[in-house]
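Q: The structure is given below, and queries will be raised subsequently.
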Amino acid sequence: MLKIGMLTSGGDCQALNAAMRGVVKGLFHKRDDVTIYGFRDGYKGLIYGHYEMLTEREFSGILTVGGTILGTSRQPFKLMREPDANGLDKVDAMKANYARLNLECLVILGGNGTHKTANLLREEGLNVITLPKTIDNDLYGTEMTFGFQSAVNIATETIDRIHTTATSHSRVFIVEIMGHKVGHVTLHAGIAGGADVILLPELPYDIDKVVDVIHTRSQVGKSFTIIAVAEGAISKQDIVLKKKEYKAKLQKHPSVAYRLAEELQAKTDKEVRITVPGHTQRGGSPCANDRVFATRVGATGAELILNHDYGYMVGMVGGDIQKIPLEDVAGKLKYVDPAGSLIKEARLIGISFGD
């Protein structure tokens, strides 16, 4: 009997179900003695022993379904070594539930924090395989994560729709896109949606440079400007502040888009409007690209399990699906390269990064 534990952790996104389906179909294609234990709500289910025994049938028909049939939650890595409110050692509890169910392997789907804990469990002696989930595409070691392309598509559609109303009313529109620490979604959606200005966490901006773009466009008869801004974008003025000072400044506005709008309203004669697609970027059915990628990493994850080859994240390297050692992934972020070709090419067509 092959007993596999499975959980989804961190923020939800499209194609989690597609990836799990890929694992399960890959396992059952080769063996008929597989039992799947689905842990509810991420690591919380593994800690407290909340699980369901699932059959192949539960993973049928979910290729196109967004979210996760197992539920998810955020369990900060920095708290994993701290006992819970009742004094329970979380790491010991996870190891005990793994042993009690006599699991062969844990399949863990998640992003950066999830991978830190997955690597911790590997170091504690558990067999672990991970699949790269995050709309941010910021997981180190893989060129792609599932959820990313679906989020880009949604953010791009938002910018597309803003174009018509921005043109009609001669306004400046700010579209705030998810991405606290990295700007991959904003960069791709900004280019795809034809944004005039793209502001990223990796490239601190100068508000006067953004104002210059608006004025220049007006002078050549372009009465509107569309700005795609990552929620973690930061100005050159703010990046030199101490962390506490910056957090206090952030609290004066609901988000970066509102602060930016206030500054632009004061420096231009344009009406400024804000659109925040928010969690719609995580929701809905996965796009075709995500379905294919999630299926590929799921199938390869199943192959690793069948070969008893553990301790890896399954990702994309050089366009191929490959296994990447967990210790090489955990604790690292994949940032937008300010000197990279995509930034360079965007500049060549006149997109401003406010720097």
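The values are calculated or read from the model by the stated rules, or taken from the named source; none is laboratory data. Everything numeric here is computed off the predicted structure, so don't read it as measured data. Note: ideal-geometry Cβ built from the backbone for every residue, glycine included; neighbour counts use all protein chains shown. The area values use the complete protein model at the heavy-atom level, side chains included, leaving out ligands, DNA and RNA. Shrake-Rupley method; radii C 1.70, N 1.55, O 1.52, S 1.80 Å.
Q: Can you name every residue in the range 186-241 that is in contact (Cβ under 8 Å) with a residue 60 or more places away in the chain, in contact with a helix residue (DSSP H, G or I) (Cβ under 8 Å, 6 or more places away or on another chain), open to solvent by less than 40 Å² (accessible area, probe 1.4 Å) and part of a helix (DSSP H, G or I)?
A: Of everything in the range 186-241, those that are in contact (Cβ under 8 Å) with a residue 60 or more places away in the chain, in contact with a helix residue (DSSP H, G or I) (Cβ under 8 Å, 6 or more places away or on another chain), open to solvent by less than 40 Å² (accessible area, probe 1.4 Å) and part of a helix (DSSP H, G or I) turn out to be Leu187, Gly190, Ile207, Val210.
Q: Right, here's the next one. What is the number of the single condition among (1) modelled with pLDDT of 95 or more; (2) open to solvent by less than 30 Å² (accessible area, probe 1.4 Å); (3) more than 14 Å from Thr8 (Cβ to Cβ); (4) of a type outside the set (S, T, N, Q) that Leu109 does not meet?
A: Among (1) modelled with pLDDT of 95 or more; (2) open to solvent by less than 30 Å² (accessible area, probe 1.4 Å); (3) more than 14 Å from Thr8 (Cβ to Cβ); (4) of a type outside the set (S, T, N, Q), Leu109 violates only (3).
Q: Within the set of pairs 6 or more residues apart or between chains, which connect a residue that is free of Cβ contacts under 8 Å to residues at least 60 places away in the same chain inside the range 254-272 to a residue that is in a helix (DSSP H, G or I) and crowded, with 16+ Cβ neighbours inside 10 Å with Cβ atoms less than 8 Å apart?
A: Glu263/Ile207
Q: Restricting the range 117-155 to residues that are open to solvent by less than 30 Å² (accessible area, probe 1.4 Å) and of a type in the set (Phe, Trp, Tyr), which is farthest from Ile177 (Cα to Cα)?
A: Ranking the qualifying residues of the range 117-155, first place goes to Phe146.
Q: Going by the structure shown, is Leu326 surrounded by fewer than 18 Cβ atoms within 10 Å (Cβ to Cβ), of a type in the set (A, V, I, L, M, F, W, C) and either touching a Lys or Arg at 6+ places or on another chain (Cβ under 9 Å) or on the phi > 0 side of the Ramachandran plot (or both)?
A: Working: surrounded by fewer than 18 Cβ atoms within 10 Å (Cβ to Cβ): no; of a type in the set (A, V, I, L, M, F, W, C): yes; either touching a Lys or Arg at 6+ places or on another chain (Cβ under 9 Å) or on the phi > 0 side of the Ramachandran plot (or both): yes.
Considered against the rule, which asks whether it is surrounded by fewer than 18 Cβ atoms within 10 Å (Cβ to Cβ), of a type in the set (A, V, I, L, M, F, W, C) and either touching a Lys or Arg at 6+ places or on another chain (Cβ under 9 Å) or on the phi > 0 side of the Ramachandran plot (or both), Leu326 comes out as no.
Q: Restricting to the range 242-266, give me the number of residues that are in contact with a strand residue (DSSP E or B) (Cβ under 6 Å, 6 or more places away or on another chain), over 13 Å from Glu176 (Cα atoms) and surrounded by 14 or more Cβ atoms within 10 Å (Cβ to Cβ).
A: Residues in the range 242-266 being in contact with a strand residue (DSSP E or B) (Cβ under 6 Å, 6 or more places away or on another chain), over 13 Å from Glu176 (Cα atoms) and surrounded by 14 or more Cβ atoms within 10 Å (Cβ to Cβ): 1 in total.
Q: I would also like to ask the following. With respect to the numbered conditions (1) in contact with a Cys (Cβ under 6 Å, 6 or more places away or on another chain); (2) surrounded by fewer than 19 Cβ atoms within 10 Å (Cβ to Cβ), which one is the sole condition not fulfilled by Ile305?
A: Checking Ile305 against (1) in contact with a Cys (Cβ under 6 Å, 6 or more places away or on another chain); (2) surrounded by fewer than 19 Cβ atoms within 10 Å (Cβ to Cβ), the one that fails is (2).
For (1) under 26 Å from the mean Cα position of the chain (by Cα); (2) among the acidic types (Asp, Glu); (3) farther than 30 Å from Ile69 by Cβ; (4) modelled with pLDDT under 90, each residue gets a yes or a no:
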| position | (1), (2), (3), (4) |
| --- | --- |
| Ile214 | no, no, yes, no |
| Lys243 | yes, no, yes, yes |
| Gly283 | yes, no, no, no |
| Thr300 | yes, no, no, no |
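Q: Looking only at the range 280-302, how many residues end up being in contact (Cβ under 8 Å) with a residue 12 or more places away in the chain and open to solvent by 60 Å² or more (accessible area, probe 1.4 Å)?
A: Step one: list which residues in the range 280-302 are in contact (Cβ under 8 Å) with a residue 12 or more places away in the chain, which gives 280-287, 289-291, 293-302.
Of the ones still in play, those that are also open to solvent by 60 Å² or more (accessible area, probe 1.4 Å) are 280, 285, 289, 291, 296.
Going through the range 280-302 one residue at a time, the tally reaches 5.
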